Amino acid sequence: MKNRRLYLVLLLAIVIVAILLYRHSTLYGQNSMVNSYQHNEGTIFGTLYHAKYLCDKDLKAELEAELQKVDASLSMFNPQSTISRINRGETDEADEMLGEVLRLSFIVNSATDGAFDPTVAPLVNAWGFGFKNGQLPDSLQVDSLRALVGLSGIHFQDGRLTKDNPLSILDFSAIAKGYGVDRAAQVLRNHDIQNFMVEIGGEVVTEGVNEKGEPWRIGINKPDDDSTSTNTELQDVIALSGKAIATSGNYRNFYISNGRRIAHTINPRTGYPAQQDILSSTVMAPSCAEADAFATAFMVLGLEKAKQVLERQPQLQAYFIYSDEQGRYQTWCTEEFKKLIIK
């Protein structure tokens, strides 16, 4: 009888251990022997990237190789990138990455009535925010430069990109970081990694859970004028898993000229810096490139028009920090986004 009881106790212990191992492997979505998170960071696109992922090997070299491919395709600051060579008229051949980003740009441009437009580069440069700096433009210069702006003048077919006006310039800075995050995330997915977070300059893709077995926590900063980002304070924190998120804001990238605040988001339709009520635009989307592009467009559109676009784009969720008529900070978000807020 005593041996039978001992046998039952041992059997029960084995069953409990088996259940715990099963729950562990289910929670982490991977082999239960893989229980450590890799932490990678470095510099890309002129900013920092971070990657955390549950894996038994370090994939930093592979991640950075993929990000360098994005840089070689889309960087305005790389003179040998595909987009730089196209802008100089040296080629009309677009690589796969540039083609993907351009196709998405057409979609977002149409969905936002032209508020997102990669051809706005000449105006961005004229206002002192691009890869060239100079005197602020007057109204005649703005009108002249607007002739170069408009995605309708860009054509893409069979891997070739042509421009109606050879002086038009394409700048994918408002979508490239998000696209880079997507490509890095795909590297991890190709290794069957199901728990990870990839972030580049505030643009984020997450899957699964963090090291505590919880959804990833992503902070949304309060708008402030601290261009050094040394005194950041969080407005809210969200729990994010299986989605991408991107934020655009004018509250750090600006300068003062003759007492006038000049913000970096240029309205492609007017040629002037966007003077809207949204101070910070955070968008959640299936891909980070899509989130990145729409976040920029909403800065141009302002709160009410952004809400109208969101009604037509059910795949998007958004969180806006805006200034009301009395100049006070207020927040607005979609119902699904509200469910993610934990602070």
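The values are calculated or read from the model by the stated rules, or taken from the named source; none is laboratory data. Predicted model, so just to flag it, every value in this text is computed and none were measured. Note: ideal-geometry Cβ built from the backbone for every residue, glycine included; neighbour counts use all protein chains shown.
Structure data summary
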| read-out | value |
| --- | --- |
| Enumeration of residues in region 276-334 that are touching a residue at least 60 places away in the same chain (Cβ under 8 Å) and among the acidic types (Asp, Glu) | Glu290, Asp292 |
| Test: residue in region 286-298 that is surrounded by fewer than 20 Cβ atoms within 10 Å (Cβ to Cβ) and either closer than 12 Å to Phe320 by Cβ or modelled with pLDDT under 95 (or both) | no |
| Test set (1) in contact with a Leu (Cβ under 9 Å, 6 or more places away or on another chain); (2) modelled with pLDDT under 90 - Gly219 fails condition number | (2) |
| Any hit, region 313-321, residues being aromatic (Phe, Trp, Tyr) and touching a Leu at 6+ places or on another chain (Cβ under 7 Å) | yes |
| Enumeration of residues in region 42-72 that are crowded, with 16+ Cβ neighbours inside 10 Å and at positive phi | Phe45 |
| Single residue of region 299-319 satisfying the filter (out of contact with any Ser or Thr (no Cβ under 6 Å at 6 or more places or on another chain) and not in a helix (DSSP H, G or I)) that is surrounded by the most Cβ atoms within 10 Å (Cβ to Cβ) | Leu316 |
| Failed item in (1) closer than 20 Å to Ser84 by Cα; (2) modelled with pLDDT of 90 or more; (3) out of contact with any Cys (no Cβ under 8 Å at 6 or more places or on another chain), with Gln194 passing the rest | (1) |
| Members of region 159-188 that are of a type in the set (A, V, I, L, M, F, W, C) and within 9 Å of the chain's Cα centre (by Cα) | Ala174, Ile175, Ala176, Val181 |
| Residue that is surrounded by the most Cβ atoms within 10 Å (Cβ to Cβ) [pool: residues in region 168-215 that are of a type in the set (D, E, K, R) and assigned to a strand (DSSP E or B)] | Glu203 |
| Qualifying residues in region 41-79 (those that are closer than 13 Å to Tyr179 by Cα and part of a loop (DSSP other than H, G, I, E, B)) - the one farthest from the chain's Cα centre (by Cα) | Ser75 |
| Filtered residues of region 81-118 (kept if outside any helix (DSSP H, G or I), of a type outside the set (Asp, Glu) and free of Cβ contacts under 8 Å to residues at least 24 places away in the same chain) | Ser81, Arg88, Thr91 |
| Verdict on Gly130 being at pLDDT below 95, more than 16 Å from Ala297 (Cβ to Cβ), surrounded by 15 or more Cβ atoms within 10 Å (Cβ to Cβ) and under 19 Å from the mean Cα position of the chain (by Cα) | yes |
| Positions within region 233-258 being at pLDDT 65 or above and assigned to a loop (DSSP other than H, G, I, E, B), in sequence order | Glu233, Ser241, Gly242, Lys243 |
| Region 205-225 residues that are on the phi < 0 side of the Ramachandran plot, paired with ones that are basic (Lys, Arg) and modelled with pLDDT of 90 or more (beta carbon under 7 Å, 6 or more apart) | Thr206/Lys243 |
